[in-house]
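Okay, so here's the structure we're looking at.
The values are calculated or read from the model by the stated rules, or taken from the named source; none is laboratory data. All figures in this text were calculated on a predicted structure; none of them were measured in a lab. Note: ideal-geometry Cβ built from the backbone for every residue, glycine included; neighbour counts use all protein chains shown.
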Amino acid sequence: ETQIPAYIASFKKDAESVSDDFQKLADRMGYSILFVTHPVPTQLKNVEPDSIYGYLAISGVSSYWDRQGYSNINLWDGLNENIGEDRSFKYSWPIDKHFNSDGYRIMGKLIADSLIQKPELLTRD
């Protein structure tokens, strides 16, 4: 447990660096980029928020994108509202825990709804 804060800090630093590199490349090549904060089913309401897989690690990167002005969508709240504590594997595969078609359908709808509400996420300055 004493290693968790260091891991989260390292994760954030690496994720921020990779995000910066992607954004610089997109800018140089004339592309728009949209970052999506996308927790996997096992991260939804089933782990402590301050664990290495929890909200603190993921939300920190999403907050960084906001501060940098990077186009991004955070699916954490929407996925928790739609899937939450369901452990029936209705939305994910039981072995690898990744979303199945039902989970991806919810994820896709959340992304589409975000883009309808904020179409500027897909436009370049």
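Go through (1) at pLDDT 80 or above; (2) of a type in the set (Val, Ile, Thr); (3) assigned to a loop (DSSP other than H, G, I, E, B) and name the single condition ILE52 misses.
The failed condition is (1).
Could you list, in sequence order, all residues of the range 1-38 that are β-branched (Val, Ile, Thr) and over 14 Å from TRP65 (Cβ atoms)? Reasoning before the result, please.
Start the filter on the range 1-38 by keeping residues that are β-branched (Val, Ile, Thr), which leaves 2, 4, 8, 18, 33, 36-37.
Once the filter is applied, which keeps residues that are β-branched (Val, Ile, Thr) and over 14 Å from TRP65 (Cβ atoms), the range 1-38 yields THR2, ILE4, ILE8.
Return yes or no: is ARG28 exposed (fewer than 14 other Cβ atoms within 10 Å of the Cβ) and within 29 Å of ALA6 (Cβ to Cβ)? Quick ask: steps written out before the conclusion?
On the way: exposed (fewer than 14 other Cβ atoms within 10 Å of the Cβ): yes; within 29 Å of ALA6 (Cβ to Cβ): no.
No.
Look at the range 65-105 and say how many of its residues are hydrophobic (A, V, I, L, M, F, W, C) and assigned to a loop (DSSP other than H, G, I, E, B).
5
Considering only the range 70-91, state which residues are of a type in the set (Gly, Ala, Ser) and within 30 Å of GLN23 (Cβ to Cβ).
Initially, the range 70-91 is screened for residues of a type in the set (Gly, Ala, Ser), giving 71, 78, 84, 88.
If the condition is that a residue be of a type in the set (Gly, Ala, Ser) and within 30 Å of GLN23 (Cβ to Cβ), then SER71, GLY78 are the ones that fit.
For the range 1-41, give me each residue that is within 30 Å of SER101 (Cβ to Cβ) and assigned to a loop (DSSP other than H, G, I, E, B).
So in the range 1-41, the residues within 30 Å of SER101 (Cβ to Cβ) come out as 11, 15, 18-19, 22, 26, 31-41.
Correct list: TYR31, SER32, ILE33, LEU34, HIS38, PRO39, VAL40.
Quick check on ARG67: is it under 18 Å from ASP20 (Cα atoms) and at pLDDT 80 or above?
Details: under 18 Å from ASP20 (Cα atoms): yes; at pLDDT 80 or above: yes.
Yes: the conditions hold for ARG67.
One line per residue, one yes/no per condition, for (1) loosely packed, with under 14 Cβ neighbours inside 10 Å; (2) free of Cβ contacts under 8 Å to residues at least 40 places away in the same chain; (3) on the phi > 0 side of the Ramachandran plot:
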| residue | (1), (2), (3) |
| --- | --- |
| LEU75 | no, yes, no |
| GLU81 | yes, yes, no |
| LYS90 | yes, yes, no |
| ASN100 | no, yes, no |
| SER114 | no, no, no |
| GLN117 | yes, yes, no |
| LEU121 | no, no, no |
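Give just the number: which of (1) farther than 25 Å from ASP27 by Cβ; (2) surrounded by 15 or more Cβ atoms within 10 Å (Cβ to Cβ) does TYR64 not satisfy?
Condition (1) is where TYR64 drops out.
For LYS109, are the conditions met, namely being closer than 21 Å to PRO119 by Cα, surrounded by fewer than 17 Cβ atoms within 10 Å (Cβ to Cβ) and modelled with pLDDT of 95 or more?
On the way: closer than 21 Å to PRO119 by Cα: yes; surrounded by fewer than 17 Cβ atoms within 10 Å (Cβ to Cβ): yes; modelled with pLDDT of 95 or more: yes.
The answer is yes for LYS109.
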